[in-house]
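First the structure, in the form of structure tokens, and then the observations on it.
The values are calculated or read from the model by the stated rules, or taken from the named source; none is laboratory data. On a predicted model such as this, the values are computed, not experimentally measured, just so you know. In this analysis, Cβ positions are derived from the backbone assuming ideal geometry, glycine residues included, and neighbour counts consider all displayed protein chains. Each accessible area value is taken on the protein alone, full model and side chains, heavy atoms only, with ligands, DNA and RNA left out. Shrake-Rupley method; radii C 1.70, N 1.55, O 1.52, S 1.80 Å.
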Amino acid sequence: MTETRARDGELFGAGAIARLLASHVDDSPERLMSRLAEALDRHRDGVAQRDDVTVLLIEFGCSSSQPNRP
């Protein structure tokens with residue numbers, strides 16, 4: 001995912017992933033996967049994907065809408 005290249009050769013990078021995740025912390029894992037796929041598509045801007053993309057999302061802890069548990 002981090003090595004996905006744009007038309008100008010720019011890598012998507014870990015920073016783009018971190019910014020996307022930080023700005024959508026309350027999204028479900030399914031919604032985060034959709035957002036990541038959309039962001040990659042926008043970054044590639046029509047450039048064919050040349051390699052596989054692997055993503056593993058792990059949900060842990062409590063979201064801001066859940067009470068803290070012991």
Measuring from the longest principal axis of the C-alpha atoms of the chain, the long axis of helix 29-44 (C-alpha) lies at a number of degrees, nearest 10, equal to 20 degrees
So, with points 7 Å from each Cα along the Cβ direction, the residue 22-residue 34 label distance in nm works out to 2.5 nm
Note: the chain at 10 °C, 1.306 mPa s; Kirkwood Rh on alpha carbon pairs; Stokes-Einstein D in µm²/s works out to 118 µm²/s
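Probe of 1.4 angstrom, ligands and nucleic acids ignored: what's the accessible area per residue over the stretch 22-64, in square angstrom?
78 Å²
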Scan of the chain for trypsin sites (Lys or Arg not before Pro) in DSSP loops with at most 15 other beta-carbon atoms within 10 Å gives a longest site-free stretch of 8-49
Helix 13-22 sits off the longest principal axis of the Cα atoms of the chain, rounded to the nearest 10 on a 0 to 90 degree scale, by 30 degrees
Simple spin-label estimate for residue 60/residue 48, 7 Å along Cα→Cβ, in nm, reads 4.0 nm
Share of accessible surface on carbon and sulfur in the chain, whole %, 1.4 Å probe and ligands ignored, is 50 percent
Among 32, 49, 1, the residue whose Cα sits farthest towards the positive end of the charge dipole of the chain, when +1 is placed on the Cβ of each Lys and Arg and -1 on the Cβ of each Asp and Glu, is 32
